[in-house]
1. T383 is checked against (1) surrounded by fewer than 15 Cβ atoms within 10 Å (Cβ to Cβ); (2) of a type in the set (S, T, Y); (3) part of a helix (DSSP H, G or I) and fails just one. What number does that condition carry?
2. List every residue pair whose Cβ atoms sit under 7 Å apart, with the two residues 6 or more apart in sequence or on different chains, where the first one lies in segment 278-294 and is more than 18 Å from F353 (Cβ to Cβ) and the second, anywhere, is crowded, with 18+ Cβ neighbours inside 10 Å and among the β-branched types (V, I, T).
3. With a cut-off of at least 3 residues that are closer than 17 Å to S183 by Cβ, name the helices (runs of 4 or more DSSP H) lying wholly within segment 198-300.
4. Got a number for residues in segment 304-314 being surrounded by 24 or more Cβ atoms within 10 Å (Cβ to Cβ) and in a helix (DSSP H, G or I)?
5. For segment 353-380, how many residues meet the condition of being part of a loop (DSSP other than H, G, I, E, B) and of a type in the set (V, I, T)?
6. Please state which one of A186, A191, A167 is buried (at least 21 other Cβ atoms within 10 Å of the Cβ), small (G, A, S) and touching a Gly at 6+ places or on another chain (Cβ under 6 Å).
7. Name the one entry in W77, W62 that is within 17 Å of V327 (Cα to Cα) and either out of contact with any Ser or Thr (no Cβ under 7 Å at 6 or more places or on another chain) or free of Cβ contacts under 8 Å to residues at least 12 places away in the same chain (or both).
8. Only residues that are under 20 Å from the mean Cα position of the chain (by Cα) and either of a type in the set (D, E) or modelled with pLDDT under 95 (or both): list them for segment 280-297, please.
Amino acid sequence: MENVVRLTRTLQAAAAATALLLAATACGSSGGGSSATGLNPPDLKAPTKLGTSEGQVNLIAWAGYVENGSNDPKVDWVTDFQKQTGCQVHSKVAASSDEMVKLMKTGEYDAVSASGDASLRLIASGDAAPVNTELVPNYKDVFSGLKNGSWNSVKGTMYGIPHGRGANLLMYNTQKVTPAPTSWSAVFDDAAAYKGHVTAYDSPIYIADAALYLKATRPELKIKDPYALDQKQFDAAVALLKKQNADVGEYWSDYLKEVSAFKSGDSVVGTTWQVIANLAASEGAKVKAFVPKEGSTGWSDTWMIYAKAKHPNCAYQWMNWIISPKVNAQVAEYFGEAPANSKACADTSDKNFCATYHAADEGYWKHIAFWNTPIEQCLDGRTDVKCVPYAKWVQAWTEIKG
């Protein structure tokens with residue numbers, strides 16, 4: 001766990017319009033299927049077989065996903081991959097989803113560990129190619145809840161290989177927040193009770209958290225999907241967050257800062273991740289974290305391959321390697337997330353790890369709305385209105401924070 005504190009997942013959206021082109025590229029009719037409703041990506045084909053390894057692979061990844069022992073000699077799953085495949089790994093750590101999208105467009109990288117707020121952009125623009133899962137043997141053992149998601153597939157076609165998942169939880173100080181909360185109302189409608197000590201995630205995608213709460217508490221808005229908001233629904237979510245802003249003491253993106261804030265008492269209630277809750281508790285903070293009755297948002301990362309990858313064979317070998325049971329277990333424990341491979345749980349050093357992170361509990365994940373990329377074609381299937389695209393979420397987030 002001590003290694004995990006170096007990792008950050010900022011996901012703060014830059015305003016660069018070049019990274020926000022879904023509204024222009026994802027045009028067409030609203031398609032059906034369980035995935036990416038309304039998205040009609042370019043007609044790209046996945047390979048039918050693999051060829052000879054090219055000798056290298058260039059990756060874009062979150063910190064902690066591609067470790068070769070240079071950060072910690074005990075944390076290394078790259079060296080054995082290179083020995084077994086002959087593919088030398090070159091990796092670039094990205095600090096945000098927007099940076100990942102921008103880097104993929106350079107054509108210099110073969111694959112990326114994209115979160116849901118980047119994946120649809122890559123699919124719609126034609127930068128990410130469909131994946132032939134038959135060429136990734138370990139895919140068969142991936143938890144079913146990570147397959148054919150609205151964030152990683154289109155009309156039944158997978159555009160990547162799932163890596164792991166996590167939920168955005170409500171954490172509170174058990175000594176200062178009483179009675180124990182059961183709802184997100186603790187950070188929204190009832191936030192004034194903890195004025196100046198409420199914390200919230202610093203990203204435009206946090207608007208979805210407000211929308212998820214409104215879905216349960218204001219049924220007249222008819223919100224079906226927190227990432228598919230028409231203008232009225234979006235305005236309601238933004239208004240709620242502007243109201244919340246008066247009670248927020250700190251917006252966090254670096255979870256070291258959140259741990260410190262809960263230890264000091266500067267923060268007593270707010271959104272968090274399981275790894276942060278574990279770390280804060282281990283350092284003496286009196287905290288608990290859980291999924292409130294309305295459910296939660298969450299994230300699921302997917303290894304996606306560049307449509308014009310220079311080293312596709314090594315990229316496919318990497319995707320199979322990173323979700324192999326032993327390696328997937330190592331990554332999950334180091335980063336602090338539920339592994340994707342169902343067999344990984346047998347290889348975790350902490351035998352309670354998968355239970356703590358609800359890795360095999362599909363019932364738990366049914367209450368998690370994984371990050372997705374808002375586009376004009378409403379992801380909930382509506383065709384009579386336009387939904388607010390991600391670029392507008394970025395603009396609104398600046399206004400919300402003042």
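The values are calculated or read from the model by the stated rules, or taken from the named source; none is laboratory data. Note that this is a predicted model, so its numbers are computed, not measured. Heads up, the Cβs are rebuilt from the backbone with ideal geometry, glycines too, and the neighbour counts pull from every protein chain shown.
1. Evaluating T383 over (1) surrounded by fewer than 15 Cβ atoms within 10 Å (Cβ to Cβ); (2) of a type in the set (S, T, Y); (3) part of a helix (DSSP H, G or I) leaves (3) as the failure.
2. Once the first residue is more than 18 Å from F353 (Cβ to Cβ) and sits in segment 278-294, its partners that are crowded, with 18+ Cβ neighbours inside 10 Å and among the β-branched types (V, I, T) give E283/V259.
3. Once the helices (runs of 4 or more DSSP H) in segment 198-300 are filtered for at least 3 residues that are closer than 17 Å to S183 by Cβ, what remains is 207-217, 231-245.
4. The total comes to 1.
5. Step one: of segment 353-380, the residues part of a loop (DSSP other than H, G, I, E, B) are 357-361, 366-367, 371-380.
Filter once more, so that each one left must be of a type in the set (V, I, T): 373, 375.
Residues flagged as part of a loop (DSSP other than H, G, I, E, B) and of a type in the set (V, I, T) within segment 353-380 amount to 2.
6. Working: A186 fails: touching a Gly at 6+ places or on another chain (Cβ under 6 Å); A191 fails: touching a Gly at 6+ places or on another chain (Cβ under 6 Å).
Every option except A167 fails the conditions.
7. Working: W62 fails: either out of contact with any Ser or Thr (no Cβ under 7 Å at 6 or more places or on another chain) or free of Cβ contacts under 8 Å to residues at least 12 places away in the same chain (or both).
Result: W77 is the single residue among W77, W62 that is within 17 Å of V327 (Cα to Cα) and either out of contact with any Ser or Thr (no Cβ under 7 Å at 6 or more places or on another chain) or free of Cβ contacts under 8 Å to residues at least 12 places away in the same chain (or both).
8. Going through segment 280-297, the residues under 20 Å from the mean Cα position of the chain (by Cα) turn out to be 289-292, 294-297.
Within segment 280-297, just E294 meets the criteria.
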